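Visitor: Pasting a structure here, questions to come.
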Amino acid sequence: MRKLFPLFIFVFCSTSLFAQYDADRYPVIPRPYTLLPFNGEFSLSNSTVIVTDNKFYRNEIDAFRDEVKNIYGVDLKYSNKKVSSGFIYISEDSTDIPDEGYDLFINRNEINIYGGHAGIFYALQSLFQLILNPNTDLGPVGYHIPSCSIVDQPRFPWRGMHLDVSRHFYDKEKIKEYLRWMAMYKLNVFHWHLTDDQGWRIEIKKYPELTSVGAWRSGTLIGHEGANDPPQYDTLHYGGFYTQDDIREIVKYAQSLHITIVPEIEMPGHSLAALAAYPELSCTGGPFEVSKTWGVFDDVMCPNEKTFEFIDEVVKEVSELFPGQYIHIGGDECPKARWKADPYCQKLIADNKLKDENELQSWFTKKVVAILQKYHKNAIGWDEILEGGLADGAAVMSWRGEDGGIAAAKAKHNVVMSPGGWCYFDHYQSQNNNEPLAIGGYLPLDKVYSYDPVPASLNADEKKYIMGVQANVWTEYIGTWPYVQYMVFPRICALAEVAWTIPQEKNYSHFEERVIQHFHLLDKLNINYAKSIFDLQAKITSNSFSGISLGLNTNKKNAKIMYWFNEGDSARHYVYDFPITINKPLTVHAALFIDGKQLGNENTWVFNYNLATGKPISLRKPPNKSYNTGGAFSLIDGIEGQTNPWRGNEWLGFLKDTLDLIIDLGKTEDSISEIGFDYLVDHGSWIHAPVKYQIEISTDGKNYSPANLPLWGHLESEGGDKQNTHGWSNVITVVDPNDNNEMNYAKARFIHIIVYPQLKIPPGNPGEGMAAWLFVSEIEVH
């Protein structure tokens, strides 16, 4: 059974301990199940001895010793006999301690640890983090570890991080470093995205051309997709792959860190690299080339016998390399254009009495699942594998929001939650314009932390199928290792706490304080991390007196907010005390300062103030919850959504639905000359221009008449494959239909706008046939 001391602690830990311990002194991430602080410290020095009576714990002990020596220069001794004091004792007694759980007790004279192999490893990670507190850093004379008692165990068995090495390749030493980051924060599943359209990265001896051909591309897109028209590419021969010996070495290292690797072999879509090597796997026979750009492509694997023979041989070799339970089979973003046009595929549909191509993909997936089971593996795939029916035994990774995961759990299939709105670390983490290039979207640290992987809509039995949570790092625009670091840190800390800590014990303010302490450790590890945690917290609100107000806040101790305006060379800095009133077009700059030194980056807000700014607005239909930052107010807060690339913080996204809104200007304006709104076009992200719009005006909110607009009822062409386009950058002229004078103004108080999306993505575009997104930003009235 668990030690008497931990049981004693539980008596006093029935409520949250946040008020009972200092985050600066105990910066453990993820936050332990319970932590009880004590006075005093344990002195860690070259004379400290690690003692254990279990020789099988040497791997965990040696990993800890290496960390401490490499980072702090302290050379810990090892012994199988206890000394009188100054020792770390690791017991083999793990009775009644849950899998991956541990008990850790620290006082002035000794440290005692109890748990199984994984638990001992995680206890040592917590111990390692407690060394980093700069207030106890004694440099060459040793280090102090604050006294406390920790009883800990994880919430979920699947605590995952993903890395895409197809778009950009990273060698085996970088992968080991990535695994080390994971282990430090008690994450235990590495989802290794090894194949895609842009490169095949795993040696398969049966099919050598997968790496001699499929691992290399003749160039790569320069800049963001759509930044240049036409797109620009470099001419570098780019690629790389892991030999099977490389993979065995990485798998062995992962096992030493108690990490399971889940390899992903994409099928049937995202397979251009495989088709370039073996075009007979396609419906058309090719030829194909490894893609130089990103997106979704029509050429996919054909569900014929050659393909299934290929998959069988690949799975056989992959299964021998990876001892884990799961192989990820992809299944996402598979266009059906080639299948629709292929007589063989149509015959398959008819012969197997399938409804359509979606059911053909389900049929394909079931065949693949059977192949995996033949090699004693289980399949996991992106939530598209639900379409057309889910194969028995397959698990689902839900990325397009939570709906797929909910459906799978209700059908009693295992689920890993990984929704893009909370778990895609390729999205921007700051609103600052000086952020390095990313794919788009907006995922700040606090939003990652806010996520709960268990949907409230599931009942108690269904919730058991939620295995855990995972963050994904897609590398289309992450081409260097320091940039991988920047996108991962510190969001990996938030993900770790989501995966490990029970919701009742989470507290974002407390978490932020611990993260800032970890920056000292990340500096020692030479990790390039984002400092957006020092961004100011901004809240734009309607000002009942005049215009809108920009409120700024920070919870950083002893810090001042300074702000200034664009006023040429005479710009002055002001100490922020009260919300800033915005009642005209204005640019505001602000930053955080301590003792005159700026922390983090400068924050900038450009306000395009107009008659609609800050006025009451109502949406008749809500946006998609994945793209609803700021709600309806974000359409009239004076700030346009950024484009090229876009970020999710100022765009409302609609899928299979219209934007339908009414703005109340507060009084009848008799000289309205312009009304307009912004929409976004980014075909690579499945975001398309609306097909039509409707604008009506009213003075009483009851009787509306159409505004006489140019292009009434239709839109001009998007101009080909023009990406990331700011639609209607000039507002649209409105002419009062009841006034025949040449110079016209509309009279209105209420403005009703309806914007209609593309229901299906047009042929020739990524995601053809799928529902198109409608993204809309600022409404302007002049």
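Visitor: Only Cα pairs under 8 Å and at least 6 apart count here; give the relative contact order of the range 78-222 as a rounded whole percent.
Guide: Rounded, it is 17 percent for the range 78-222.
Visitor: Next question, about the same structure. Arrange the peptides 164-175, 194-205, 516-527, 771-782 so that the one whose residues have, on average, the most other Cβ atoms within 10 Å appears first.
Guide: Highest to lowest by the protection proxy: 194-205, 771-782, 164-175, 516-527.
Visitor: Computed FRET efficiency, Cβ-Cβ of Lys69 and Glu320, R0 30 Å: what is it to the nearest 0.05?
Guide: 0.25
Visitor: Out of every Cα pair in the range 524-568, what percent are spaced more than 15 Å from each other?
Guide: Value for the range 524-568: 64 percent of Cα pairs lie more than 15 Å apart.
Visitor: Can you compute log10 of I(q)/I(0) for the range 628-673 with the Debye formula, treating each Cα as one identical point scatterer, at q = 0.16, 0.19, 0.20 Å⁻¹?
Guide: -0.59, -0.77, -0.82
Visitor: Given a 1.4 angstrom probe, what's the average accessible area per residue across the chain, in square angstrom?
Guide: Each residue of the chain exposes 39 Å² on average to a 1.4 Å probe.
Visitor: How would you rank 265-278, 74-87, highest first, on the average number of other Cβ atoms within 10 Å across their residues?
Guide: Per-residue mean Cβ counts within 10 Å order the peptides as 265-278, 74-87.
Visitor: Which of the peptides 746-753, 353-360 is most tightly packed, and how do the rest follow, judged by the mean count of other Cβ atoms within 10 Å per residue?
Guide: Highest-to-lowest ranking by the protection proxy: 746-753, 353-360.
Visitor: Can you compute the modelled spin-label distance between Ile222 and Ser509, with each label point 7 Å from Cα toward Cβ, in nm?
Guide: Distance between the two pseudo-spin positions: 5.0 nm.
Visitor: Let me ask something additional. Let me know the Kirkwood hydrodynamic radius for the chain, please, with Cα pairs as the basis and the value in Å to one decimal.
Guide: After inverting the mean inverse Cα-Cα distance, the result is 28.7 Å.
Visitor: Can you give the alpha-carbon Rg of the range 528-611 over 2.2 N^0.38 Å, where N counts its residues?
Guide: Compactness ratio reported: 1.13.
Visitor: For the range 391-454, just the Cα set please: Rg and Dmax, both in angstrom.
Guide: Here Rg and the maximum Cα pair distance are 14.4, 48 Å.
Visitor: Restricting the calculation to Cα positions, tell me the Rg (one decimal) and the Dmax (whole number) of the range 47-173 in Å.
Guide: Answer for the range 47-173, Rg first and Dmax second: 16.2, 55 Å.
Visitor: Along each of its three principal axes, how wide is the spread of alpha-carbon positions in the range 573-653, in whole angstrom units, largest first?
Guide: 48, 27, 22
Visitor: A follow-up question, please. What percent do you get for the relative contact order of the chain when only Cα pairs under 8 Å and 6+ apart count?
Guide: Values: 1797 pairs, mean separation 78.3, N = 782.
Taking the mean separation of contacting Cα pairs over the length of the chain, I get 10 percent.
Visitor: P(r) of the range 292-429 in 10 Å steps, Cα pairs, percent per bin?
Guide: Bin by bin from 0 Å, the calculated values are 11, 37, 37, 13, 1.
Visitor: Which Cα, out of Val416, Tyr576, Ile120, lies furthest along the positive dipole direction of the chain (beta carbon charges, K/R +1, D/E -1)?
Guide: With unit charges placed on the Cβ atoms, the residue in question is Ile120.
Visitor: Here's a follow-up. Please list the equivalent ellipsoid semi-axes of the range 406-490, computed as the square roots of five times the alpha-carbon gyration tensor eigenvalues, in descending order and whole angstrom.
Guide: Details: eigenvalues 183, 32, 18 Å².
In descending order the semi-axes read 30, 13, 9 Å.
Visitor: Taking only the Cα atoms of the range 503-646, how large is their convex hull per residue, in Å³?
Guide: Each residue corresponds to 196 Å³ of Cα convex hull volume.
Visitor: Next question. Which number do you get for Rg(Cα) / (2.2 N^0.38 Å) in the range 640-702?
Guide: In units of the globular-protein estimate, the range 640-702 measures up at 1.39.
Visitor: Using only the Cα atoms of the range 259-351, what semi-axes does the equivalent ellipsoid have when each is the square root of 5 times a gyration tensor eigenvalue? Give whole Å, largest first.
Guide: Values for the range 259-351, descending: 24, 16, 13 Å.
Visitor: Over the chain, with every protein chain in place, what whole percent of the accessible area is carbon and sulfur at 1.4 Å, could you tell me?
Guide: After summing per-atom areas, the C and S share lands at 49 percent.
Visitor: Going 7 Å from the Cα of Ser45 in the Cα-to-Cβ direction, what parts of the range 76-112 have a backbone nitrogen less than 19 Å from that spot?
Guide: The answer is 76-79, 83-89, 107-111, whose backbone nitrogens lie closer than 19 Å to the label point.
Visitor: Using a 1.4 Å probe and ignoring any ligands, DNA or RNA, find the accessible area of Phe308 and quote it in Å² to the nearest 10.
Guide: Rounded to the nearest 10, the figure is 10 Å².
Visitor: Could you tell me the extents of the range 353-415's C-alpha atoms along the three principal axes, largest first, rounded to whole Å?
Guide: Extents along the principal axes, in whole Å: 30, 29, 17.
Visitor: Give me the Å³ per residue figure for the convex hull around the C-alpha atoms of the range 151-243.
Guide: On the way: hull volume 13.2 nm³, N = 93.
It comes to 142 Å³ per residue, whole-number rounded.
The values are calculated or read from the model by the stated rules, or taken from the named source; none is laboratory data. As the structure is a computational prediction, the values presented were derived from the model and not from experiment. Please note: Cβ atoms are built from the backbone with ideal geometry, for glycine as well, and neighbour counts cover all protein chains shown. Please note that ligands, DNA and RNA were not included when accessible areas were found on the heavy atoms of the full protein model with its side chains. Shrake-Rupley method; radii C 1.70, N 1.55, O 1.52, S 1.80 Å.
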